[in-house]
Amino acid sequence: MRKFLLSAFLLCTLYFVLCTGVAYAQAEVISPNYIIQMPNLNSGAGLPSSSNYKVSSTIGQNAAGLFSSAGFRVKSGFQYIYSIIPFSFTVSSTSINFGSLIAQTPSTATNTLTVSSGGAGGYQVKASENNPLKIGSTGTTIPDTSCDTSCSETTAGAWTSSSRYGFGFNMSGDDVPADFTNSTYYRQFANRDGAESPQIVMSSIYVGTGRESTVTYKVNISGVQPAGVYNNMITYTAIPAY
Amino acid sequence: MIYDLRFKIKTKILLFVLLSLFINLKSLFLNPGLVFAQEVSLSISPPLTEIAIRPGKSINQTITVRNDGVPVTVVARIVPFVPLDTSGHVELIEDQTSIETFSSWFYFDPRPTSLGANESHQYIIKISPPESAELRDYYFTFIIEVQNNNNLGVGVNNTQSQARIGANILLTATKDGNPQKKVSIVKFAAPSLIDSFSGFSYQVILSNSGGGFFKPIGKITVDQIFGTTTTFNLAPLNVLVGSEREIGCLDGQEIIPCKLPGKFLIGIYRANLSFTVDGVGESHEKQIYTVAFPFTILLGLITIAVTYGIIRRLNPQ
């Protein structure tokens, strides 16, 4: 019995060590090539260890007289939020596969974006593509969609026809732009290759946690689209409001 | 016999544990992409840093990045921004010239950093505006960018999602810590006339044409003539130089619309906006009026009266 229990214990220990992540908190920033002298001096940052951390207190000094002697004044966080709450952003899946593309048969896939801005009065998430879906070796592209009649990187349009081709996206859920009227409305991604500016796909002016939206990507090709493997990259940038 | 049965049970349990271990180890080493979800999750703190600094001086600021998702490699950069709208959103200026203009102001480790799951990394940023820096505001976003795994999606029609997260830095270059601040009330408005059941909110938009960003510290006081007084505290939101900002109201630590409470409003409401810049100096004020009248009730009564009159005419008896 003892031998059995010991064997089971050793096997379970081996299992947990190999198959679960072990996280080590990073104690300090040290690199053989980058020496940090007096880290955190003059800083009120870092993850709070106490919910009573006073954001409104200044590190360095408080009054003009003290500024004149030290030459600086630093404040971290928001004056009306009494703890420094981290701003967080999650992208549920970084690889969106469309499988084999069949002419006039739209292919869709989704991922979700989640923002928590508990420590900020609002936020924005902007999106852009590096280029349209493209065969890397030849440069052949699947153009960004023009929807059924028209749409752009700033304004969504209905896209329901299987004879309208291209690549686009729909947004649904929390804090998404109002032009995504329903699930049939799509936009193009702002194309950085074409010097288009990233566009807001989620935003709010309020403090919020767990704000979640779903991005639906759609590709539809014509019968004359050259064969090949098409790829691109969508960059999502989440920034709290100031 | 009992001993044999026990032995058989123990053996089966042991075999089951061994089999489970084997299957999971096989998955781990032969299909690494299937073991971890591809969820990228980052958090950054603090979300905002406000600095007033004399050119030629330097300070250190720490920004902490935590990885709550799959292991990633990240790269940091600092990008200038301009205000995008009246809601506190930013427009990053990511052209190389703009970034390089300020590259000497900031010193931090720019090398790719690996972050395991649940791992944090502190970026110590040395901020040193040169003595020659113009005395004005400069706005930046500290961006953490995930380096995508280029092996994902190879050979398949695919789009990759890249995550970036930022924290804002508002920097005022000033000799004495007191740049001139100049505010204008662009808008303090509410409907002049409303139905008693409608409800309404006050809208406040301020502009900054001075030399440094500021926060409005003040309130909206609403007096119902011959009635109650309601007070809203303005949210101390930053109004950046050369921009306008819509200011909401504060309920504890939450920003809310400046909406008059109550389902039925009646009478004249006098609203007084009063605030100072950063809580000091002269008070800026503006007053507006709103009249609430029960139009729907009146309309209903008129409709009933007219209907009654018509019925009486048609049936005089």
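Please determine whether any residue of the stretch B:169-178 is part of a strand (DSSP E or B), closer than 30 Å to A:Lys75 by Cα and in contact with a Leu (Cβ under 6 Å, 6 or more places away or on another chain). Looking through the stretch B:169-178, at least one residue is part of a strand (DSSP E or B), closer than 30 Å to A:Lys75 by Cα and in contact with a Leu (Cβ under 6 Å, 6 or more places away or on another chain). Among the residues of the stretch A:197-227, the ones that are out of contact with any Gly (no Cβ under 7 Å at 6 or more places or on another chain), within 9 Å of chain B (Cβ to nearest Cβ) and in a loop (DSSP other than H, G, I, E, B) come to 2 in all. On the stretch given as the stretch B:221-230, residues that are more than 14 Å from B:Leu273 (Cα to Cα) and either part of a strand (DSSP E or B) or of a type in the set (S, T, N, Q) (or both) total 2. The set of residues in the stretch A:76-116 being part of a strand (DSSP E or B) and aromatic (Phe, Trp, Tyr) consists of A:Phe87, A:Phe89. Residue count for the stretch B:70-89 satisfying the condition of being more than 23 Å from B:Thr174 (Cβ to Cβ), touching a Phe, Trp or Tyr at 6+ places or on another chain (Cβ under 9 Å) and at the interface with chain A (Cβ under 9 Å from one of its Cβ atoms): 3.
Residues in the stretch B:43-87 that are closer than 26 Å to B:Gly116 by Cβ and surrounded by fewer than 19 Cβ atoms within 10 Å (Cβ to Cβ): B:Asp68, B:Pro71, B:Thr73, B:Val75, B:Arg77. Would you pick out the residues in the stretch A:174-188 that are β-branched (Val, Ile, Thr) and surrounded by 16 or more Cβ atoms within 10 Å (Cβ to Cβ)? Scanning the stretch A:174-188 gives a single hit, A:Val176.
Of all residues in the stretch A:61-95, those that are modelled with pLDDT under 90, within 7 Å of another protein chain (Cβ to nearest Cβ) and touching a Pro at 6+ places or on another chain (Cβ under 8 Å) total 6. Suppose the filter is surrounded by 17 or more Cβ atoms within 10 Å (Cβ to Cβ) and in a strand (DSSP E or B); does B:Gly218 pass it? So B:Gly218 fits the description; yes.
Quick one: would you say B:Gln253 is more than 13 Å from chain A (Cβ to nearest Cβ), polar (S, T, N, Q) and surrounded by 15 or more Cβ atoms within 10 Å (Cβ to Cβ)?
So B:Gln253 fails the test.
For the stretch A:124-141, taking the residues that are crowded, with 18+ Cβ neighbours inside 10 Å and touching a Lys or Arg at 6+ places or on another chain (Cβ under 8 Å), the one that is farthest from the other protein chains (Cβ to nearest Cβ) is identified as A:Thr141. The set of residues in the stretch B:103-160 that are at the interface with another protein chain (Cβ under 7 Å from one of its Cβ atoms) and in a loop (DSSP other than H, G, I, E, B) comprises B:Asp109, B:Gly116, B:Ala117, B:Asn118, B:Glu119, B:Asn148, B:Leu152, B:Gly153, B:Gly155, B:Val156, B:Asn157.
Do you know which residues across the stretch B:173-189 are crowded, with 22+ Cβ neighbours inside 10 Å and not aliphatic (A, V, I, L, M)?
Going through the stretch B:173-189, the residues crowded, with 22+ Cβ neighbours inside 10 Å turn out to be B:173-174.
Passing the criteria: only B:Thr174.
Selection of the stretch B:209-249 for residues being touching a Ser or Thr at 6+ places or on another chain (Cβ under 6 Å) and within 14 Å of another protein chain (Cβ to nearest Cβ) yields B:Gly212, B:Ile217, B:Gly218, B:Lys219, B:Glu244, B:Arg245, B:Glu246. If you filter the stretch B:92-115 down to residues that are surrounded by fewer than 16 Cβ atoms within 10 Å (Cβ to Cβ) and of a type outside the set (Ser, Thr, Tyr), you find that the one that is nearest to A:Tyr123 (Cα to Cα) is B:Asp95.
Number of residues in the stretch A:133-174 that are of a type in the set (A, V, I, L, M) and either in contact with a helix residue (DSSP H, G or I) (Cβ under 8 Å, 6 or more places away or on another chain) or part of a loop (DSSP other than H, G, I, E, B) (or both): the value is 2.
The values are calculated or read from the model by the stated rules, or taken from the named source; none is laboratory data. Bear in mind that the values here come from a model prediction, so they are computed numbers and not experimental data. In this analysis, Cβ positions are derived from the backbone assuming ideal geometry, glycine residues included, and neighbour counts consider all displayed protein chains.
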